[in-house]
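The values are calculated or read from the model by the stated rules, or taken from the named source; none is laboratory data. Please read all numbers here as calculations on a predicted model, not as lab measurements. Cβ coordinates were reconstructed from backbone atoms using ideal geometry, including for glycine residues, and neighbour counts include every protein chain displayed.
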Amino acid sequence: PIEPWHIGGPVVKGFGRGSKVLGIPTANLSTKGYSALLSEHPSGVYFGWAGLSSQGLYKMVMSIGWNPYFNNTEKTIEPWLLHEFDGDFYGEELRLVVVGYIRPEANFSSLESLIAKIHEDRRIAERALDIPTYSKYRDDPYLKGSS
Ligand code: ADP
Ligand code: MG
């Protein structure tokens, strides 16, 4: 287990690739103000809990990094909330407690293999977050926006 850490802010627009190209929407957070925190944590895939103001609490699996497949030049923070929403929630306050690390960032030879890996990451996150070691963090007050 890793030492849990917090990150949050309003959901911002990304490149619009998550849902359209991958079928996997990711609610991007701004990296502004988080450069120190991000340099402390390696790029890769993490999991944890997400609090979305007004809407509720969800499991999430998150990529932090450069997205080598897409040749990004800026680091991004992209949590996929493991829930079916009726619509978008750009601008809403999203708070994350990051509790576990799955794997380093990797490049993939095809979009299909990238998508398959993300679904494998999701299954790992789903299962891990049911274990008391990780499930207890759903009660973290940070998620509710009170601190
Ligand atoms: P962008 O590049 O702007 O982040 P995406 O294709 O990654 O676009 O879609 C992400 C957006 O979709 C989020 O900002 C959010 O408003 C919406 N969304 C809907 N369902 C989810 C979900 N389960 N997880 C994350 N974002 C979701
Ligand atoms: Mg996104």
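Okay, here's what the table says:
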read-out	value
Filter pass, Ser53 being in contact (Cβ under 8 Å) with a residue 60 or more places away in the chain, farther than 16 Å from Lys13 by Cβ, small (Gly, Ala, Ser) and in contact with a strand residue (DSSP E or B) (Cβ under 9 Å, 6 or more places away or on another chain)	yes
Criterion: surrounded by fewer than 20 Cβ atoms within 10 Å (Cβ to Cβ) and in contact with a helix residue (DSSP H, G or I) (Cβ under 9 Å, 6 or more places away or on another chain) - qualifying residue of Gly23, Gly91, Gly87	Gly23
Residue in region 8-24 that is in contact (Cβ under 8 Å) with a residue 24 or more places away in the chain and more than 15 Å from ligand 2 (Cβ to nearest atom) present	yes
Qualifying residue in region 107-120 (condition: modelled with pLDDT of 95 or more and either acidic (Asp, Glu) or in contact with a His (Cβ under 8 Å, 6 or more places away or on another chain) (or both))	yes
Scan of region 30-74 for residues that are within 15 Å of ligand 2 (Cβ to nearest atom), of a type outside the set (Ser, Thr, Tyr) and farther than 18 Å from Ile118 by Cβ, ordered by number	Leu52, Glu74
Counted residues, region 94-138 - those being among the basic types (Lys, Arg) and closer than 11 Å to Phe47 by Cα	4
Count of region 46-97 residues which are assigned to a strand (DSSP E or B), within 11 Å of ligand 1 (Cβ to nearest atom) and not β-branched (Val, Ile, Thr)	12
Restricting region 98-137 to residues that are within 16 Å of ligand 2 (Cβ to nearest atom) and either outside any helix (DSSP H, G or I) or under 13 Å from the mean Cα position of the chain (by Cα) (or both), the residue that is surrounded by the fewest Cβ atoms within 10 Å (Cβ to Cβ)	Glu105
